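One structure is given here, and the rest of the page talks about it.
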């Protein structure tokens, strides 16, 4: 096996592991949400992503010791409130689902205001450099499409949580939403191939690499 093949296999294994963890968490979250008897396991499943994200951000902070200590203090507070968490952890699931989609909607939407560069346009510049007029128009339209998509999912999540049985909301939030996201990516890529010439197209992996490069560049520019 060549070095390139080994690197490709390693990337495939990492993506496979990420996908498997995502599917496993979605199933666990759904089972916890619809459980007729809330328990500590369900509460743990609900708060684990927040705790993990907070610890990861604290570890990468320039004030690591203080931030990790704050995270540990927060964990102790959650432990003290464990009975409340068990009784209300579906609210944590709602915050996790609707909150993430609302933040994504805001992140895409704010780049559409006058004088700003649409988010997808910025990513396309990272891939292509100079953009053709057709690609400029397309990337702005796609930024609008993703903003509307994220906003629609947010509104649907909130309405279902309030008006439908929890099993219906959980099926939508934990099981259907990831499928809809994949379908949205597939539909956007199909439209891209239909309306843009080959020179203006970028595959999903190129887009992911562009996003990572843009994120790294922004992080490097921060004091």
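FYI, it's all coordinate maths here, none of it is from the lab. Nothing here was measured: the structure is a model prediction, and the numbers come from that model. Note: ideal-geometry Cβ built from the backbone for every residue, glycine included; neighbour counts use all protein chains shown.
General remarks:
- Sites residue 50 and residue 137 - FRET efficiency at Förster radius 35 Å, r taken between beta-carbons, to 0.05: 0.35
- Ordering of 186-195, 115-124, 37-46 by burial proxy (mean other Cβ atoms within 10 Å per residue, highest first): 115-124, 37-46, 186-195
- Under the shape rule built on the C-alpha gyration tensor, where the axes satisfy a ≥ b ≥ c, the stretch 1-104 is oblate, since a/c reaches at least 1.5 while a/b does not exceed b/c.
- The stretch 3-221 shape via C-alpha gyration tensor axes, a/c threshold 1.5: prolate
- Fully extended contour minus Cα-Cα distance, from residue 18 to residue 106, at 0.36 nm per residue: 29.1 nm
- Cut-off 18 Å, label 7 Å out along Cα→Cβ of residue 190, residues of the stretch 120-143 by amide N: 142
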